[in-house]
Amino acid sequence: MSVLTIELVTCYFFSRLDAQQQSVSIAAKSLNHCPSTRSYSHRILKARRLSSLVVAKMHSVLKTVGAAATRAFRQNVRCMSAIPPPNRKPDLPPTKLFINNEWVNAVSGKTFETHNPTNGEVIAHMAEADAADVDIAVAAAREAFELGSEWRTMDASRRGLLLHRLADLIERDRAYLASLETLDNGKPYGDAYAADLALTINTYRYFSGWAGKKHGQTIPIDGDHFAYTRLEPVGVCGQIIPWNFPLAMQAWKLAPALAMGNTIVMKTAEQTPLTANHIAALVKEVGFPPGVVNILSGYGPTAGGAIATHDGVDKVAFTGSTEIGQLIHTMAAGNLKRVTLELGGKSPNVVFGDCDFDYAVEKSHFALFFNQGQCCCAGSRLYVEESIYDRFVEASVERAKKRKVGDPFELGVEQGPQVSQEQVDKITELCKSGTKEGAKLALGGAQLGDEGYFFQPTVFADVKDDMRIANEEIFGPVMQIMKFKDIDEVIARGNKNMYGLAASVFTTNLEKAIKVAHELRAGTVYVNAYDVFDPAAPFGGFKMSGCGRELGEFGLEQYTEKKTVIIKTQQKNS
């Protein structure tokens, strides 16, 4: 499977009959930008049904945009019939704790509710882990990691095969998992199926191939010695995942750790625990030995804190807010755990006057609004060159007005609810601060409807760098647009923030693109693109956006210890 390129503009094209001529240009350019017919955009296209009227019109229009675009379009239409309908009431997975390949109640007997963000109703009561349960899970993980255990003596190729089989089972249950994710998280079913599940499956398959290929070296040191290095697993890894991409974030952590032979105690987000428990059931079905993977549902201060401070945990990996990441970094210092943190962001998206205007508007819209704006690397500081600023603001507002918000199980819906009322309240408060501090509220700014946790697509213009909405991570569908004059100014402003997770630049000038990409302090910089994710490409942040990297070969290094072995020999020969 190729690069999971975010090219939702082609999807928007099909739904925008009132702006057909503008969308033809966007769709054609987007199709030409796609590096593969199996890229992310094509998966999203499966999730959006086309009316026969639009298809008929498109076939006639595509005659004018070239054979390559026409071929890609036709293949997309064929692919779209492959997505199965959602299940609005999927069977629930076990709601207990998964420890030592068994489902058990919390020691305390406590449970907590998980809610459907579309209507606020209770979906299930989950076992609530705390320190006592973490102790049991860590003990199981340590036993599985003992020398001579089934897991420690397993061939690396066998570990890879187990991961590959896990990916196969996730593929088998893809529609079920997408439905469950939509129910528990609120993201559109089409996006869950075409995006989250695609990246999840790809991640397990990618790291399955690394299991037997990451190894040490022989080193020609001086003297009569034979020296070599070996890569060993770190040990018991505590992992804490967020609620915005539950399946994908679970895969980003489980897959590299298991490929390198570690054992795991994972705490899922209390808002979205369901899909992780189904993955746990698949872990057992595949045949991972008991104790290798342990999945706990619970709260951060109790279960998460117990993992971070536990002396039996050798490493902790956390994805979430910078504030909690700082606490975990401190809590992990007791036994000097290795720490990987993927934290918040306030990513600058720089749009120059020489950009492909319509394409930049669409991609900037997606960079902010994707996943209800609940994306750590969202392009949430939008800098637009003054020569096109007014026109860009107007076009961005019009695009946001057309954004379809509603039932996330309905194919064609672009935006579902936020994950919780707590998130809605936070977004609302920050929007009020934007208005109070003098930003121009061009659209939205309030909760939407009387049921569920929906929020209006929102656009602020004339935003200044010192405003809260320009500095704090909103984590919602709120676009902030700022004006700049020249390249050096915008680079300086882009770097004047505590975060450094991602950035982007839209321009047709290669020298500008390279200068911005090299001088912005961010872990990932997109050029004429946004949110391109692939398991082979490392992801992580500069500054307060975290430490360490996930994905790619760099991600494997976070889960290995390097050991040097030096042997005295009678005589060394070259």
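Counting only DSSP beta bridges with both residues in the chain, the antiparallel share comes to about 45 percent. Couplings 3J(HN,Hα) of segment 396-401, computed from phi: 5, 5, 4, 5, 5, 4 Hz, in residue order, whole Hz [Karplus 6.51 cos²θ - 1.76 cosθ + 1.60, θ = phi - 60°; x for Gly and Pro].
Set against the 2.2 N^0.38 Å expectation for a compact globular protein, segment 188-291 has a Cα radius of gyration ratio of 1.37.
Heavy atoms only, probe 1.4 Å: what % of the accessible area of the chain goes to carbon and sulfur, would you let me know? C and S atoms contribute 52 percent here. The listed peptides 408-418, 563-573, ordered by packing as a protection proxy, come out as 408-418, 563-573 (highest mean of other Cβ atoms within 10 Å first). Less than 5 angstrom separates the built amide H of CYS375 from none of the residues sequence-distant by 5 or more or on a different chain. Computed with a 1.4 Å probe over protein heavy atoms only, the accessible surface of the chain comes to 38 Å² per residue. Couplings 3J(HN,Hα) for segment 540-545, derived from phi with the Karplus relation 6.51 cos²θ - 1.76 cosθ + 1.60 (θ = phi - 60°), are x, x, 8, 6, 7, 8 Hz, where x marks Gly and Pro.
Within a Cβ distance under 13 Å of ILE307, other residues only, what is the Lys/Arg minus Asp/Glu net charge?
-1
Residues whose amide H comes within less than 5 Å of that of THR111, counting only those at least five positions distant or on another chain, are GLU128 (H built at 1.01 Å from N in the peptide plane). Placing +1 on the Cβ of every Lys and Arg and -1 on the Cβ of every Asp and Glu, with no other charges, gives the chain a dipole of roughly 1520 debye about its Cα centre. Summary of the geometry: segment 139-169 and segment 515-558, compared by the centres of their Cα atoms, lie 29 Å apart. Each Lys or Arg adds one and each Asp or Glu takes one away; over the other residues whose Cβ falls under 13 Å from the Cβ of ILE221, this sums to 0. Take every Cα pair under 8 Å whose residues are at least 6 apart in sequence, average their separation, divide by the length of segment 452-548, and the relative contact order is 23 percent.
Placing unit charges on the Cβ atoms only, positive for Lys and Arg and negative for Asp and Glu, gives segment 106-179 a dipole magnitude near 340 debye about its Cα centre. Temperature 10 °C, viscosity 1.306 mPa s: under these conditions the Stokes-Einstein estimate for segment 425-488, based on its Kirkwood radius over C-alpha pairs, is 130 µm² per second.
Can you list the aspartates and glutamates whose alpha carbon is less than 14 Å from that of LYS572, not counting same-chain residues fewer than 8 positions off? Answer for LYS572, where 14 Å is the Cα cut-off: ASP222, ASP224, listed by chain and number.
Per-residue 3J(HN,Hα) values for segment 260-270, derived from phi via the Karplus relation 6.51 cos²θ - 1.76 cosθ + 1.60 with θ = phi - 60°, read 8, x, 7, 10, 9, 10, 10, 9, 8, 5, 5 Hz in sequence order (x marks Gly and Pro). Looking only at segment 357-512, where both bridge partners belong to it, what percent of the DSSP beta bridges are antiparallel (to the nearest 5)? Bridges in segment 357-512 are about 40 percent antiparallel.
For segment 379-535, the direction-averaged projected area of the alpha-carbon convex hull comes to 10.4 nm².
Cα to Cα, under 21 Å, and not fewer than 8 places away if on the same chain: which lysines meet these conditions relative to LYS496? Straight-distance partners of LYS496: LYS346, LYS464, LYS483, LYS485, LYS512, LYS515, LYS543. Projecting the Cα atoms of THR507, ILE469, MET544 onto the charge dipole of segment 423-574, computed from C-beta unit charges around the Cα centre, puts MET544 farthest toward the positive end. Bridgeable aspartates and glutamates around LYS110 (alpha carbons under 16 Å apart, same-chain partners fewer than 8 residues away excluded): GLU128, ASP130, ASP133, GLU270. Peptides 396-403, 183-190 ranked from most to least packed by the mean count of surrounding Cβ atoms within 10 Å: 183-190, 396-403. Each peptide among 148-156, 470-478, 244-252 gets the average number of other Cβ atoms lying within 10 Å of its residues, and from highest to lowest they stand as 244-252, 470-478, 148-156. Remark on ASN100: its backbone amide H falls under 5 Å from those of GLY291, a criterion applied only to residues 5 or more positions apart or on other chains, H modelled at 1.01 Å from N.
Taking 25 °C and 0.890 mPa s as the conditions, I'd like the Stokes-Einstein D for segment 451-532 in µm²/s, using the Kirkwood hydrodynamic radius from alpha carbon pairs. Answer, rounded: 172 µm²/s.
Bridge orientation summary for segment 185-326: considering DSSP beta bridges with both residues in this region, about 10 percent are antiparallel.
With 0.36 nm allotted per residue and the present C-alpha distance subtracted, the VAL122-ARG391 stretch has 92.4 nm of extension available.
Candidates GLN456, GLN571, ALA227 compared by Cα position along the dipole of the chain: farthest toward the positive end lies GLN571, with charges placed on Cβ. Over the chain, Cα pairs under 8 Å with separation of 6+ residues give a relative contact order of 17 percent.
The charge dipole of segment 274-338, taken about its Cα centre with unit charges on the Cβ atoms of Lys, Arg (+1), Asp and Glu (-1) only, comes to about 100 debye.
In plain terms, if you count all Cα to Cα distances in the chain and split them into 10 Å steps from zero, the share in each step is 4, 17, 27, 26, 16, 7, 2, 0, 0 percent.
Near SER297, once Lys and Arg are set to +1 and Asp and Glu to -1 for all other residues with Cβ below 13 Å from its Cβ, the sum equals -3.
The values are calculated or read from the model by the stated rules, or taken from the named source; none is laboratory data. Source: prediction; values computed, not measured. Note that each Cβ is placed from the backbone with ideal geometry, even for glycine, and that neighbours are counted across all protein chains shown. All accessible areas refer to the heavy atoms of the entire protein, side chains included, with ligands and DNA or RNA removed. Shrake-Rupley method; radii C 1.70, N 1.55, O 1.52, S 1.80 Å.
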